[in-house]
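> Have a look at the structure that comes next, please.
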Amino acid sequence: MRMNTWAAIGALALAAAAISGLSAPAQAQDTLKIGWAISKTGPFAAGAAVTTLPNYQVWVKDVNDAGGIKVGDKKMKIEVVEYDDRSNSEEMIKAVERLATQDKVDFILPPWSTGMNLAAAPIFNKLGYPQLAVTANTNMAPQLTKRWPNLTFWLGLPSEITDGIVATFSKMQKEGKINKKIAMIAVADQFGIELSTATRAGLKKAGFDIVYDKSYPFGTQDMQPVLKDAQAANPDVLLAFSYPPDTFAITDTAKVIAFNPKVLFVGVGTAFPMYKGKFGANAEGIMGIGGSDASLPGVKAYIQHHKEIIGREPDRWASPITYASLQVLQQAIERVGKIDRAAVIKEINTGSFETIIGTVKLVDGQNRNIWSVGQWQGSDYVGIAPVDKKGAKAPIAKPAWK
Amino acid sequence: MTLALDIVLSGLVLGGMYALFALGLTLQYGIARIMNLSYGEFLIAAAFGALFLYTGMAVNPIVGMLAVVPAAFGLNWLLYQIVLMPLVKRAKSQGMLEVDSILGTFGILFVIQGVMLVVFGGSLQSYSYLSIPIHILGTTLALNRILALAFALIIAGVLYLFLTRTRYGIAMRAIAVNPVAAQLSGINIRAASALAFAAGGAIVGAGGVLTSMFLTFSAASGVVFTMKALIVVIMGGVGNMMGALVAGLLLGIAETAVARLVDPGLTIAVTYALFLGALLWRPTGLFGRPAR
């Protein structure tokens, strides 16, 4: 009796194991898991909400609407795992580790800002994930890509911004559009100090005279004292390495005090559609960092598409490049044919890709298809430097305030 | 000479903005005895309200104040009754209430900020209204900033008259001086405190609408304004209307003077130097207590 019971149990157990062994699929994956840690709260939330997060969302939607990414002979839709790093780099690093070790995502998209990306670089490298650090702008890029081949840079170097500014001003000065007097102000933050230091040297070397040269604290709510003194020095050029709140304040205050330099360059934020929205026709002729080739059909379609999905236009500097970097990632995965991160890293670094901003082929882990200086001409924020880049428009003098 | 005039006028306009920030908090802290750390969030919420009305429904901010200010009053009154009243009831002393209210309003800060982030997103917002140059005595000032100064002066004046010349105002000042004695004199301190808190909220609502006309803000900007308001309130003397006004204007002029005459990079340094100096000279603030 007992023997029979045990035998029955044993037979059942064996049968169950056999059936489960047969029916269990070989852990085949149906979706591609992609994760990211992004600043949804805290001081970085504003920047991430303009440039990075919307593009991640648009890209995932585009990919899934088209049926997914082609991995081998299967089309896999993207499954997203998202964490809020609260503008805190420790939180971001913990989230990235969690994505890799607990959520076991296939690819991780990078956080927002130079600081965050540099903090994340060692862990991305240790975990073996490709890091397409679009919103990172640092002169250390060439050394970093040598040390960490999985890390790629997409916005060019700050030194290229300086070169673009000096080249643009020299060109305009030789054409007689401006004289040699420049007023330069910078926000007292790494970005402002680094760029103003490099540009000061470049401008002096090119023979310019910096008649007003000051920095102001981040969060200054009234730019009138600074601009009144700059105006008193009577320069033809006002060059401001500013962050979005001051970018807006400088433009607004310059208009109020009727400060009409022939060239007005404001730093970050000029490329935002909100800038054009706030100043309308008065944005004409104002220069800033970045730029885009508005004549490219890919860029035009992208701007329209972004507006339809997110409800507002993208910024004209890092947004198109972010989307292009995701296209590169997708194409690299499709070319490799399987979820092999090392192979994808190699493909990103060596392959040539067709994206909305044109052909992208990384050199030493850096994207060379970049604009350093842009200008609002009509309704487009066109690229004017590097001055010899294909598609570069000629700079115009800023018309008087309306 | 025109440089000095220029500095004084621009400084007054900037100071007017600072004073406007501080007047509501001085009421809330001085009379209702609530150290409201979520103060800046209400300012930003009012700014978003003005933005929404202006860009979404083409209602200009001045008219929009007719909607935002009563809403701010109501919200703050509800906040006091529902969230802060339990703290008030169980506080055995003023000191304990201050500590409890710091912790409580700190939590409220995150709730309001979280709601704004979900509804409006984290990106920067900005719109332009009345950014018209006005030429006064040889200097040029923006009309929207002059309006902020004008409102600060009017509100401070009205509050001062209310607190010194009306019966209810004197009752409020009594609460600030000695709540126990005030209660013994037959003053309903709960109702008066709730009213003071709500009035402070209404002022910050007006402040938010006015400054949104020229400042760039985002859902996360609230803390910066709370800090600024706190400095002005403490420097002017807690609960003191005139003190908050004078301190705000003084800071504005000092900041502008240093930016023009010395170096723009020292503006934050001079603000805190004045703050420290004023407190070392007069520990209870320039005009001291009690509320006047």
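> Can you spot a residue in segment B:104-117 that is touching a helix residue (DSSP H, G or I) at 6+ places or on another chain (Cβ under 8 Å), β-branched (Val, Ile, Thr) and within 14 Å of chain A (Cβ to nearest Cβ)?
yes
> Among the strands (runs of 3 or more DSSP E) contained in segment A:283-387, which hold 3 or more residues that are closer than 26 Å to A:LEU264 by Cβ and not aromatic (Phe, Trp, Tyr)?
Details: elements: A:287-289, A:352-355, A:358-361, A:373-377, A:380-385.
Those strands (runs of 3 or more DSSP E) span A:287-289, A:373-377, A:380-385.
> Hey, another quick one. Is one or more of the residues making up segment A:310-319 touching a strand residue (DSSP E or B) at 6+ places or on another chain (Cβ under 8 Å) and touching a residue at least 12 places away in the same chain (Cβ under 8 Å)?
Our first condition is that a residue be touching a strand residue (DSSP E or B) at 6+ places or on another chain (Cβ under 8 Å); within segment A:310-319, this holds for A:316-317.
So of that shortlist, the ones also touching a residue at least 12 places away in the same chain (Cβ under 8 Å) come out as A:316-317.
Yes - at least one qualifying residue is present in segment A:310-319.
> Going by what's in this entry, would B:GLY285 be described as more than 10 Å from every other protein chain (Cβ to nearest Cβ) and not in a helix (DSSP H, G or I)?
On the way: more than 10 Å from every other protein chain (Cβ to nearest Cβ): yes; not in a helix (DSSP H, G or I): yes.
Answer is yes for this residue.
> State yes or no: is A:ALA66 more than 14 Å from chain B (Cβ to nearest Cβ), farther than 30 Å from A:VAL268 by Cα and at pLDDT 90 or above? Working first, answer last.
Values: more than 14 Å from chain B (Cβ to nearest Cβ): yes; farther than 30 Å from A:VAL268 by Cα: yes; at pLDDT 90 or above: yes.
The answer is yes for A:ALA66.
> If you check A:ALA281, A:ALA249, which single one turns out to be away from chain B (no Cβ under 11 Å) and within 26 Å of B:HIS135 (Cβ to Cβ)? Let's see the steps before the verdict.
On the way: A:ALA249 fails: away from chain B (no Cβ under 11 Å).
Answer to the selection: A:ALA281.
> With the condition being surrounded by 22 or more Cβ atoms within 10 Å (Cβ to Cβ) and acidic (Asp, Glu), I'd like the helices (runs of 4 or more DSSP H) fully within segment B:1-120 carrying at least 1 qualifying residues. Quick ask: steps written out before the conclusion?
On the way: elements: B:2-30, B:39-51, B:61-79, B:85-90, B:94-120.
It comes to B:39-51.
> Oh, and also: Being farther than 19 Å from A:ALA188 by Cβ, surrounded by fewer than 24 Cβ atoms within 10 Å (Cβ to Cβ) and out of contact with any strand residue (DSSP E or B) (no Cβ under 8 Å at 6 or more places or on another chain): is that true of B:VAL223 here? First the steps, then the outcome.
Values: farther than 19 Å from A:ALA188 by Cβ: yes; surrounded by fewer than 24 Cβ atoms within 10 Å (Cβ to Cβ): yes; out of contact with any strand residue (DSSP E or B) (no Cβ under 8 Å at 6 or more places or on another chain): yes.
Spelling it out, B:VAL223 is indeed farther than 19 Å from A:ALA188 by Cβ, surrounded by fewer than 24 Cβ atoms within 10 Å (Cβ to Cβ) and out of contact with any strand residue (DSSP E or B) (no Cβ under 8 Å at 6 or more places or on another chain).
> Taking the stated definitions as given, is A:LEU227 farther than 21 Å from A:GLY374 by Cα, buried (at least 18 other Cβ atoms within 10 Å of the Cβ) and either of a type in the set (Asp, Glu) or assigned by TED's automatic domain parsing to the domain that holds A:THR270 (or both)? Working first, answer last.
Numbers: farther than 21 Å from A:GLY374 by Cα: yes; buried (at least 18 other Cβ atoms within 10 Å of the Cβ): yes; either of a type in the set (Asp, Glu) or assigned by TED's automatic domain parsing to the domain that holds A:THR270 (or both): yes.
So A:LEU227 passes the test.
> Restricting attention to segment A:142-160, which residues are more than 14 Å from the chain's Cα centre (by Cα) and more than 17 Å from A:ILE345 (Cα to Cα)?
Once the filter is applied, which keeps residues that are more than 14 Å from the chain's Cα centre (by Cα) and more than 17 Å from A:ILE345 (Cα to Cα), segment A:142-160 yields A:GLN143, A:SER159, A:GLU160.
> Among B:LEU210, B:LEU147, B:LEU195, B:LEU215, which is the only one that is away from chain A (no Cβ under 14 Å) and either part of a helix (DSSP H, G or I) or within 20 Å of B:TYR39 (Cα to Cα) (or both)?
Working: B:LEU210 fails: away from chain A (no Cβ under 14 Å); B:LEU147 fails: away from chain A (no Cβ under 14 Å); B:LEU215 fails: away from chain A (no Cβ under 14 Å).
After ruling out the rest, the residue left standing is B:LEU195.
The values are calculated or read from the model by the stated rules, or taken from the named source; none is laboratory data. Note that the coordinates shown come from a computational prediction; the quantities given were computed from them, not determined experimentally. Ideal geometry is used to build each Cβ from the backbone, glycine not excepted, and the neighbour counts take in all protein chains shown.
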